[in-house]
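Working notes, beginning with the structure itself.
The values are calculated or read from the model by the stated rules, or taken from the named source; none is laboratory data. These numbers come from a predicted model, not from an experiment. So basically every Cβ, Gly included, is an ideal-geometry build from the backbone, and we count neighbours across all protein chains shown. With ligands, DNA and RNA removed, areas are computed over all heavy atoms of the protein, side chains included. Shrake-Rupley method; radii C 1.70, N 1.55, O 1.52, S 1.80 Å.
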Amino acid sequence: MSTKSIYKGSRPISSFLLRKPKVRLISLLSLPMTWIVGVYIVSLFLLLITAFWNVDPFTSRVRPGFTLENFILIFTVPAYIATSIRTLFIALSVTAICVLLAVPLGIYMAKIANPRLRNFLAVAITLPLWAGYLVKIIAMRLVFTEEGFFNWFMAPFGIRGPGFSIPIVILTLTYLWFPYMALPVYTAIRQIPPNLFDASSDMGAKGFTTVYRVVIPLIVPAIIAGSVFTFSLSLGDYLAARFTGGATQMIGSIIAANINLNPPVAAAYSMIPIAFVVIYLMVARRTGSLERM
Amino acid sequence: MALIEIRNLTKSFGNLKAVDDISLDIEPGEFITLLGPSGSGKTTVLRMIAGFEDPDAGLIKLNGVDITHLPPFDRDVNTVFQDYALFPHMSVQENVEYGLRTRKVPKAERAKQAIAAIASVKLEETVNRLPHQLSGGQRQRIALARALVLRPRVLLLDEPLGALDRQLREEMQVELKKIQRDAGITFVFVTHDQEEAMRMSDRIVVFNSGRIEQVGTPEQVYEEPRTNFVAGFLGTANIFTADMASKLLGTSSTVSIRPERIRLQALGTKIEKSETSIVGTIHEAAFVGANTIYIIETEFGMKLTVRKTNTELLGQDDSFVAGDQVMAVWRNSHVAQIPV
């Protein structure tokens, strides 16, 4: 047929790819696979290997080899253990606060606010993402510093801020990562069919019962998606602790301190947040909440 | 006393008056259908009875008690939703137990009642399935069981059969009617399908542009339509406007005659005294299986639709074809006077 030959002539690449599914697959995946395997996985693997090397005490140079010393160190020295627990506590607190703020806000935005207010709030949530990460940390530092805004504003009420400490680190990290929780939660609530809210109240459920029995179960996948960000980004952070934490040390602080002095210890210690995230995802999987995604 | 009294109910959305000063009494135990085209206000009335919409003005009483502004969870009515609104994360049994749970019915008792309700719609084998594992018809039945298990005074049904295919819909129509009769619950049913309305209802409320056009039994609204809209919306009607009627029939009021009540005769044949005839040309003859539909063009540009039941094989009776001159004949008593 004449039409067929016209297409063959004018679209040679398309018709070639149509006939060769393997070539199609390769051309689609070669670039992303190079990135994921070549850059991502290989560098993580190198990190893992480095964790088993050690440092020559005289020359301070890294020596390839195999030793478990680094891991024994981070699992036995109380300061390392305390820092791991402190970091875990901070990351879980940040995640919990983000959920506590995001769910009511999401319900308000999706179900109560008028379209103009809803759009305004959506912009207000995402706008901080445009500001630099360091800018936001310094902003928090300025607010909570000794002669900062918080103490000045609260002075008439006789309240003084806690100064740079763990609560301020949690507050700063919540401020940094809140959009990553708020957006998926809000989107998930918007996707709940309005009829389900009607049906729930039709069958006698008041607001809180509907939130507890219908809304929360349906947005668990979004909460988990958001918490992967808030939890893992908090676990890995060290600048918030450095600028708003006073003497507070997190896993990241110790890795940063060791990165030149003792790279193998830094490498071994960086396995801890990875392990936390893996355990976290396994627990989430065990509860079955990922299956109904 | 009426079970539900609706008085001067009004509701606007922005500039649109969705429901405009409606009054209606619903009797205990009746199957009443709110019928109208989309946007006629029937669903809004249903949602106001359920408590999902707050009326701008007017009054709704249930069993003598003013429920106009009560929240949905404080009303003794339940709803079956158009798209069923089953909770996707709950099993069939959890869905049916939901209302019992909010009423703090003990666990064993609520499982018993839920399973009985699921059995009453013949879906015992699905209790542990999730809604997305059910077919459309099964979801519909579970939505019904979920509402019936609460034994409401009134069950509100918002186009519950709209998403089902034709055969299943007809089965469900019969079944719904049976359930309603057995349970003795008042059903308020919303649909835009006039055949469905006539098949199931004790009374039909015909809605148009936010107002009630007519309330009556299926026979009443079909045979004695009070407005042109009702005549045209329920079945097909040949409506003679007052002007046409005076030219063609010598009467002065608007009248309507149903296509199936008109028969065709050859020119010059005899008719009874109690009958009326007008002469016209067959514009179109369409064979549609059980019936043949004729469009007859008469004087003054008036077109008549005539439906003949095909009791004989095609061509074995004295059927007419397009272009024939014929007499359209009907009994005078079959003419409906339309007062407005």
Worksheet entry | Check on B:H132, open to solvent by less than 80 Å² (accessible area, probe 1.4 Å) and either at the interface with chain A (Cβ under 10 Å from one of its Cβ atoms) or more than 20 Å from B:I179 (Cα to Cα) (or both) | no
Practice prompt. Read through the list (1) more than 29 Å from the chain's Cα centre (by Cα); (2) under 15 Å from B:R331 (Cβ atoms); (3) open to solvent by less than 40 Å² (accessible area, probe 1.4 Å), then give the number of the only condition that B:I282 fails.
Written response: (2)
Worksheet item: Just wondering, is there one or more residues in segment B:173-194 that are closer than 28 Å to B:K11 by Cα, assigned to a helix (DSSP H, G or I) and open to solvent by 10 Å² or more (accessible area, probe 1.4 Å)?
Response: yes
Practice prompt. Within segment B:17-29, identify whether any single residue is more than 17 Å from A:A205 (Cα to Cα), in a helix (DSSP H, G or I) and of a type outside the set (D, E, K, R), and answer yes or no.
Written response: no
Fill in: Matching entry among A:G163, A:G65 (being closer than 30 Å to A:I49 by Cα and either outside the structural domain of A:L235 (by TED's automatic domain parsing) or in a loop (DSSP other than H, G, I, E, B) (or both))
A:G65
Fill in: Residue check, A:T230 crowded, with 20+ Cβ neighbours inside 10 Å, assigned by TED's automatic domain parsing to the domain that holds A:V143 and of a type in the set (S, T, Y)
yes
Worksheet item: Do the conditions hold for B:D243, that is, is it open to solvent by 20 Å² or more (accessible area, probe 1.4 Å) and over 18 Å from the mean Cα position of the chain (by Cα)?
Response: yes
Worksheet item: Quick check: anything in segment B:101-109 within 7 Å of chain A (Cβ to nearest Cβ) and either in contact with a strand residue (DSSP E or B) (Cβ under 6 Å, 6 or more places away or on another chain) or surrounded by fewer than 16 Cβ atoms within 10 Å (Cβ to Cβ) (or both)?
Response: yes
Discussion item. Against the definition (under 30 Å from A:V277 (Cα atoms) and either within 24 Å of the chain's Cα centre (by Cα) or at pLDDT 90 or above (or both)), how does A:L68 come out, yes or no?
Written reply: no
Response to the item:
Scanning segment B:47-74 for residues that are at positive phi and part of a loop (DSSP other than H, G, I, E, B), the one farthest from the other protein chains (Cβ to nearest Cβ) turns out to be B:G64
Worksheet item: How many residues does segment B:146-185 hold that are more than 22 Å from B:V92 (Cβ to Cβ) and either touching a helix residue (DSSP H, G or I) at 6+ places or on another chain (Cβ under 6 Å) or among the aliphatic types (A, V, I, L, M) (or both)?
Response: 4
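For every residue, the table says whether it meets (1) crowded, with 21+ Cβ neighbours inside 10 Å; (2) more than 30 Å from B:I49 (Cβ to Cβ); (3) touching a residue at least 24 places away in the same chain (Cβ under 8 Å).
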{"position": "A:W177", "(1), (2), (3)": "yes, yes, yes"}
{"position": "A:V185", "(1), (2), (3)": "yes, yes, yes"}
{"position": "A:N260", "(1), (2), (3)": "no, yes, no"}
{"position": "A:P263", "(1), (2), (3)": "no, yes, yes"}
{"position": "A:A266", "(1), (2), (3)": "no, yes, no"}
{"position": "A:M282", "(1), (2), (3)": "no, yes, no"}
Worksheet item: Out of segment A:176-215, which residues are under 25 Å from the mean Cα position of the chain (by Cα), within 10 Å of chain B (Cβ to nearest Cβ) and part of a helix (DSSP H, G or I)?
Response: none
Item to complete: Looking only at segment B:246-259, count how many residues are closer than 22 Å to B:Q325 by Cβ and open to solvent by 60 Å² or more (accessible area, probe 1.4 Å).
Response: 2
Practice prompt. Go over the candidates B:V96, B:V92, B:V121 one by one and state the one that is β-branched (V, I, T), open to solvent by less than 40 Å² (accessible area, probe 1.4 Å) and either within 14 Å of chain A (Cβ to nearest Cβ) or touching a residue at least 60 places away in the same chain (Cβ under 8 Å) (or both).
Written response: B:V96
Discussion item. Can you list residue pairs whose Cβ atoms sit under 9 Å apart, with the first residue in segment B:313-334 being on the phi > 0 side of the Ramachandran plot and the second being surrounded by 10 or more Cβ atoms within 10 Å (Cβ to Cβ)? Count only pairs 6 or more apart in sequence or on different chains.
Written reply: B:G323/B:T281; B:G323/B:I282; B:G323/B:H283
Worksheet item: If we keep just the residues of segment B:135-164 that are among the polar types (S, T, N, Q) and surrounded by fewer than 22 Cβ atoms within 10 Å (Cβ to Cβ), which is farthest from the other protein chains (Cβ to nearest Cβ)?
Response: B:S135
Worksheet item: Which of the residues belonging to segment A:101-123 are of a type in the set (A, V, I, L, M) and surrounded by 12 or more Cβ atoms within 10 Å (Cβ to Cβ)?
Response: A:L101, A:A102, A:V103, A:L105, A:I107, A:M109, A:A110, A:A113, A:L117, A:L121, A:A122
Discussion item. Looking at the structure I just gave you, is B:T227 within 17 Å of B:P37 (Cβ to Cβ) and in contact (Cβ under 8 Å) with a residue 12 or more places away in the chain?
Written reply: yes
Worksheet item: Would a scan of segment A:200-213 turn up a residue that is open to solvent by less than 40 Å² (accessible area, probe 1.4 Å) and touching a strand residue (DSSP E or B) at 6+ places or on another chain (Cβ under 8 Å)?
Response: yes
Discussion item. Any residue that is away from chain B (no Cβ under 11 Å), under 30 Å from A:S84 (Cα atoms) and not in a helix (DSSP H, G or I) - is there at least one of those in segment A:226-241?
Written reply: yes
